[in-house]
Amino acid sequence: MISIRNVTVSFGGVIALDRLSIDLEAPVVGVIGPNGAGKTTFLNVFSGFVVPRQGSINAFGTELLAMRPFRRSRWGLRRSFQKEQVVDELSVEDNVQVVLDPLDFTPSERKRHTAAALDYCGILKLRTRPAAGLNALERRMVELARCVAGRPRIILLDEPGAGLSLTEVEQLKTVITGMRAFNGATTLLIDHDVDLIQATCPVSMVLNFGALIASGATRDVLTDPRVRAVYLGEEAA
């Protein structure tokens with residue numbers, strides 16, 4: 001279980017996260033809400049890019065906020081960003097293997113984990129290709145392969161479906177849905193695509209102005225009048 005308690009983040013007079021508390025244990029958890037709701041800030045607290053004013057995140061018995069960002073990475077925290085971070089100068093294989101270099105793997109183990117991640121994401125045949133020549137879906141799959149390679153414990157995905165076609169999003173759904181079975185990790189998924197959230201996330205949480213306004217089974221969350229009012233633009237009952 002991931003237990004989050006009273007996480008508060010402020011930027012000047014703006015409260016980005018307001019005493020956020022929730023327990024997460026589903027394989028994939030949707031994080032939804034309107035622009036400016038605090039979703040990316042939430043992931044930034046997990047990964048150490050933002051230090052909260054107060055609060056704790058205890059993941060499987062480990063207090064993440066007590067660890068420096070590079071140690072969280074070694075512990076098993078992985079993430080993707082809204083703007084993809086594929087390195088054009090590296091091959092597909094090297095783009096993935098680089099995240100394993102600081103970990104306690106032998107060279108043969110690194111190669112095996114890299115190949116397994118590439119195969120899982122459907123891009124093993126591209127392993128030697130320079131990343132500069134990849135299309136949008138292939139670049140996203142490289143990022144997902146980096147997230148699933150090795151033995152991650154938590155995977156943070158920030159709008160992985162952005163810029164993809166409907167057909168490409170279907171491939172993305174398959175990869176995200178199978179992550180727990182592939183490596184045992186818990187995934188937090190931010191996306192504005194409600195269909196993607198419904199298809200991959202059995203549980204979702206909704207933020208608005210930094211506050212948690214709803215959480216639970218995704219099908220129930222998306223029909224909550226408060227959620228429909230702030231996220232789907234409908235009049236609340």
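The values are calculated or read from the model by the stated rules, or taken from the named source; none is laboratory data. As the structure is a prediction and not an experimental result, all values here were calculated from the model. Every residue, glycine as well, gets a Cβ built from its backbone with ideal geometry; the counts of neighbours run over all protein chains shown.
Here are the numbers for this structure:
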item: Of residues in the stretch 1-18 being over 20 Å from S73 (Cα atoms) and in contact (Cβ under 8 Å) with a residue 60 or more places away in the chain, the one surrounded by the most Cβ atoms within 10 Å (Cβ to Cβ); result: L17
item: The listed residue being of a type in the set (D, E), surrounded by fewer than 18 Cβ atoms within 10 Å (Cβ to Cβ) and part of a helix (DSSP H, G or I), out of E143, E138, E168; result: E168
item: Residue, surrounded by the fewest Cβ atoms within 10 Å (Cβ to Cβ), within the stretch 118-135, restricted to residues that are aliphatic (A, V, I, L, M) and assigned to a helix (DSSP H, G or I); result: A132
item: Enumeration of residues in the stretch 105-116 that are out of contact with any helix residue (DSSP H, G or I) (no Cβ under 8 Å at 6 or more places or on another chain) and free of Cβ contacts under 8 Å to residues at least 24 places away in the same chain; result: T106, P107, S108, E109, R112
item: Qualifying positions in the stretch 20-37 - over 14 Å from the mean Cα position of the chain (by Cα) and either of a type in the set (K, R) or modelled with pLDDT under 95 (or both); result: E25, G33, P34, N35, G36, A37
item: Residue that is surrounded by the fewest Cβ atoms within 10 Å (Cβ to Cβ), among those in the stretch 183-203 that are in a strand (DSSP E or B) and either charged (D, E, K, R) or within 13 Å of the chain's Cα centre (by Cα) (or both); result: T186
item: Filter result (without any contact (Cβ under 8 Å) to a residue 40 or more places away in the chain and either among the hydrophobic types (A, V, I, L, M, F, W, C) or in contact with a Leu (Cβ under 8 Å, 6 or more places away or on another chain) (or both)) within the stretch 195-212; result: L196, Q198, A199
item: Out of V148, V227, sole residue that is within 26 Å of M1 (Cβ to Cβ), buried (at least 21 other Cβ atoms within 10 Å of the Cβ) and modelled with pLDDT under 95; result: V227
item: Cβ pairs under 6 Å, 6+ apart, first in the stretch 52-74 and without any contact (Cβ under 8 Å) to a residue 12 or more places away in the chain and among the basic types (K, R), second surrounded by 12 or more Cβ atoms within 10 Å (Cβ to Cβ) and assigned to a strand (DSSP E or B); result: none
item: Qualifying positions in the stretch 204-223 - more than 20 Å from V28 (Cα to Cα) and assigned to a loop (DSSP other than H, G, I, E, B); result: F209, G210
item: Top-ranked residue of the stretch 31-50 - restricted to ones that are without any contact (Cβ under 8 Å) to a residue 24 or more places away in the chain and under 16 Å from G210 (Cβ atoms), ranked as surrounded by the fewest Cβ atoms within 10 Å (Cβ to Cβ); result: N35
item: Criterion violated by L126 - all others in (1) under 30 Å from G38 (Cα atoms); (2) modelled with pLDDT of 95 or more; (3) in contact with a helix residue (DSSP H, G or I) (Cβ under 6 Å, 6 or more places away or on another chain) satisfied; result: (1)
